[in-house]
Amino acid sequence: MATTPERDLRLLGGSIPYIEGPLKVSGRAEYTDDLKRPGMLVGKLLRAPWAHARLVRVDTTKARAMPGVFAVLKGEKYPTPFGVLPITRDETAIAVDRSRYIGDIIAAVAAQDELTAERALAAVEVEIEPLPEYADPRVGRERVDAPIHEKGLNHSNLQKEVVQHFGDVDAAFRAAAATVRVRASFAGVTHAFTEPQCTIAEATPDGRLTVWSSTQVPHYLHRSLSEVLGMPMHRIRVVKPEVGGGFGGKSDPLPHEIACAALALETGRPVKILFDRDEVFYTNHGRHPTHNDVRIAADAEGHLLGYDIEALIEGGAWSSFGTVTTYYNGVMAMGPYRLPSFRYKGQRVFTNRPPSGAMRAHGGTNIRYSVEVGLDELAEKLQLDPFELRSRNALPPNSTTINEFRVTSTSFRKCLDVVRERSGWADKWRRLPYGQGVGLGCGFYISGSASPIHFTPKMPQCTVHLKADMDGGITVHSMQADIGQGSNTLLAAIVAEVIGVSLDRVHVSPVDSDITPVDIGSYSSRVTFMMGNAARKAAEGLRDRLIEATHQLTGYPREAIRVRHERYEVEHRPEVGATYLEALHQALEGTGALQSTGSYTSPPVGGSFKGARAGTAPAYSFAAYVAQVTVDDETGVYDVEKVWAAFDCGRPLNRLAVEGQIQGSIHMGLGQFMGESMDYRGTRLMNPSLLDYKIIMPHQMPEIECLLVGADDPEGPFGAKEAGEGPLVATLPAAANALYDAIGVRFYDLPVTPDRVLKGLDRRRAESRLWKGH
């Protein structure tokens, strides 16, 4: 069947304003907190003030007897454990037998108003037996008196240990002309999204339960609700309204969502739970605090010989995505370079702190920092330009890494060439005045995980349904979760592009499990690649029906009919054809509304060894960034003045969205680098507010030049790859290497705050005096 050549794309490849933009900027978009249900109760959660305690008695008698209180629940009512990964289900909706961190949920209340709910929480009587508190993951690796979870390995708090070895690492280091070692530490950071978590649940007399929630993973929430509440999935309806940011923090089914549903079942009334900001921090699931130890070996020409990596990862109270995290902290070091040998040992340890989980560029950010800083040191030892070192080791297209990642398209070398030229590197590196510098950082990331979390039943990772009826509109049904990244706009644009209609004809239906087919959610940068391919297939099916109708109307062969804007024409005979509406109405005869389905399942990739699926993807993005900084050596204050960001996302389908993702990623990356930190005193989080948690301010943001240089990916939709998470990872090392160029100090502990800059300068001066004295 004839198609529109991709070089003639009408919408895709340009800058497409978000279709929901007018609703959002006018305040008309509906988030979960905006929804009203008749007779809705207020849900509140009693949170533990102790880090680790056995719950001897939780007495809700007084609370339940209070006027205006409709339900008070304890953990024993719904004890079934759940979790985003089926292999590590260890969370409960409400704590059962013990609390595991300050902020753990002890009881849940539904009342007529917020004040009554707060009074009911205060009336709950709790008797505890204190248990040992564990804040240091190093201690938790060994046998402990009272493990946080019974499933901890060898009666310890060790949740997961990964050991991988490819090639001969010891021989590589023996043969090396140069080696470097980077030992780095990273504070935990959280997502700091604008919209706090909110859930509304309603149980109706017909035996059904509806849950509205600000989630990235409506399907996983649907599964967990069924498992914990003991209800079949077909009696539960999950609806995702607009979501005000997620960044991974809403990619788990969360305890409050299930507790809210349980309260609705208990009362027979709608119940809403809306978090205060401190509850967002306690729920967390942010980036793991990490210590890593990275050794890199190279020959005299700068060819990499091997990596030897260890990572100690603090998981907090729950497993969450932790098994994946433990693998990713090693395997995400693989690209964008050829590597003949690799060894990794990773350990994730439970602590009595808020749980860590998935955060933008999950598992790839901290290890990328250490690798890229190490490569900068290696280039200096070998007297090579940092660009030259990386270019010599770049993975080529259509290659396979030593751990069997399949790389199809890569424009990494082009990223290096373009960013080197645009940044004026040759005139700046090691040539700027003291206190000014430039640095290079590179990265790569997955375009969706090739392996699904749930293997049963066997089904596509993404499905898209289309419906077109006599009014000429096209409705798109998909469970992919738009969380502000513009995926609904891309979904509509792909459908409009393929079918040849105006964008305003396409309506993306809200996510509703009663209507939308299963998609596993917005995480792992999977939406563009997987949803995009499914949408394209669905649109091609509908387009073919319209071309068939045009054939019936004109008598010309189907192969001769071309898709034009709102029209189907015979090639070389543009006066012969049919408008979109004429073709649609012809196609409706005898059948009614047209429907079409498209789906996507990743091709089989990866090896057969244990853990081989971790990090596999149908495609990878690549990045090369240059940052320019200025440092005040009297105060330690520094400015990242500009970032040149060369990024390979294949064909950028919506430049507005891709550039926005790059800019947002740089903001988030610089936040982690410059100041963001979950600060603890033992097990107590000391800064659970946006007043004390230091996100960088607008005046700290650099000028950003986005350089989109990717070639089409052979399997991506219209050649596209991800651009949601990969743009983050190169930011941090580019800034760090720029600081070294400016003041000659390396930084191995993040965040790099002004006081640490001053300490680094003092250390360098002291070392200089010692060297001169020697």
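Taking the stated definitions as given, is residue 665 open to solvent by less than 10 Å² (accessible area, probe 1.4 Å), touching a Phe, Trp or Tyr at 6+ places or on another chain (Cβ under 6 Å) and not aliphatic (A, V, I, L, M)?
Judged against the criteria, residue 665 is not a match.
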Taking the stretch 616-659 and the residues there that are closer than 18 Å to residue 728 by Cα and of a type in the set (Phe, Trp, Tyr), the one that is surrounded by the most Cβ atoms within 10 Å (Cβ to Cβ) would be 625
Checked against (1) out of contact with any Asp or Glu (no Cβ under 7 Å at 6 or more places or on another chain); (2) of a type in the set (Val, Ile, Thr); (3) under 30 Å from residue 221 (Cβ atoms); (4) crowded, with 23+ Cβ neighbours inside 10 Å, residue 323 satisfies every condition except (4)
Taking the stretch 224-280 and the residues there that are open to solvent by less than 10 Å² (accessible area, probe 1.4 Å) and among the hydroxyl-bearing types (Ser, Thr, Tyr), the one that is farthest from residue 361 (Cα to Cα) would be 224
Expected single match for within 27 Å of the chain's Cα centre (by Cα), open to solvent by 30 Å² or more (accessible area, probe 1.4 Å), within 15 Å of residue 316 (Cα to Cα) and at pLDDT 95 or above among 183, 100 is 100
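Just checking, which of 612, 583, 593 is hydrophobic (A, V, I, L, M, F, W, C), surrounded by fewer than 20 Cβ atoms within 10 Å (Cβ to Cβ) and either on the phi > 0 side of the Ramachandran plot or not assigned by TED's automatic domain parsing to the domain that holds residue 398 (or both)? Before you say what the answer is, go through the steps one by one.
Working: 612 fails: either on the phi > 0 side of the Ramachandran plot or not assigned by TED's automatic domain parsing to the domain that holds residue 398 (or both); 583 fails: surrounded by fewer than 20 Cβ atoms within 10 Å (Cβ to Cβ).
593 is the lone residue from the list that is hydrophobic (A, V, I, L, M, F, W, C), surrounded by fewer than 20 Cβ atoms within 10 Å (Cβ to Cβ) and either on the phi > 0 side of the Ramachandran plot or not assigned by TED's automatic domain parsing to the domain that holds residue 398 (or both).
Taking the conditions exactly as written (open to solvent by 50 Å² or more (accessible area, probe 1.4 Å) and closer than 18 Å to residue 353 by Cβ), does residue 137 satisfy them or not?
Numbers: open to solvent by 50 Å² or more (accessible area, probe 1.4 Å): no; closer than 18 Å to residue 353 by Cβ: yes.
Taking the combined requirement at face value, the residue does not satisfy it.
Which ranges mark the strands (runs of 3 or more DSSP E) fully within the stretch 164-269 that have 1 or more residues being small (Gly, Ala, Ser) and assigned by TED's automatic domain parsing to the domain that holds residue 75? I'd like the intermediate steps shown before the answer.
Numbers: elements: 178-186, 198-203, 209-213, 236-240.
Of the strands (runs of 3 or more DSSP E) lying wholly inside the stretch 164-269, those with at least 1 residues that are small (Gly, Ala, Ser) and assigned by TED's automatic domain parsing to the domain that holds residue 75 span 198-203, 209-213.
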Over the stretch 457-488, the set of residues over 23 Å from the mean Cα position of the chain (by Cα) and more than 19 Å from residue 220 (Cβ to Cβ) is 465, 466, 467, 468, 469, 470, 471, 472, 473, 474, 475, 476
Of the candidates 573, 558, 562, the one satisfying the condition of being assigned by TED's automatic domain parsing to the domain that holds residue 473, surrounded by fewer than 20 Cβ atoms within 10 Å (Cβ to Cβ) and in contact (Cβ under 8 Å) with a residue 60 or more places away in the chain is 558
Practice prompt. Answer yes or no: is there a residue in the stretch 6-27 that is over 27 Å from residue 212 (Cβ atoms), of a type in the set (A, V, I, L, M) and open to solvent by 40 Å² or more (accessible area, probe 1.4 Å).
Written response: no
The condition from (1) in contact with a strand residue (DSSP E or B) (Cβ under 8 Å, 6 or more places away or on another chain); (2) open to solvent by 20 Å² or more (accessible area, probe 1.4 Å); (3) assigned to a helix (DSSP H, G or I) that residue 122 misses is numbered (1)
Taking the criterion of being part of a helix (DSSP H, G or I), at pLDDT below 95, closer than 25 Å to residue 615 by Cβ and not aromatic (Phe, Trp, Tyr), would at least one residue in the stretch 146-160 satisfy it? yes
The residue that is farthest from residue 487 (Cα to Cα), considering only those in the stretch 423-477 that are of a type in the set (A, V, I, L, M) and part of a strand (DSSP E or B), is 438
Counting only helices (runs of 4 or more DSSP H) entirely within the stretch 281-397, those with at least 3 residues that are charged (D, E, K, R) and either over 20 Å from the mean Cα position of the chain (by Cα) or at pLDDT below 95 (or both) are 365-381, 386-392
Any residue at all in the stretch 287-300 that is closer than 29 Å to residue 370 by Cβ, in contact with a helix residue (DSSP H, G or I) (Cβ under 7 Å, 6 or more places away or on another chain) and of a type in the set (Gly, Ala, Ser)? yes
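The values are calculated or read from the model by the stated rules, or taken from the named source; none is laboratory data. As the structure is a prediction and not an experimental result, all values here were calculated from the model. Cβ coordinates were reconstructed from backbone atoms using ideal geometry, including for glycine residues, and neighbour counts include every protein chain displayed. SASA here: full protein model, heavy atoms, side chains in, ligands and nucleic acids out. Shrake-Rupley method; radii C 1.70, N 1.55, O 1.52, S 1.80 Å.
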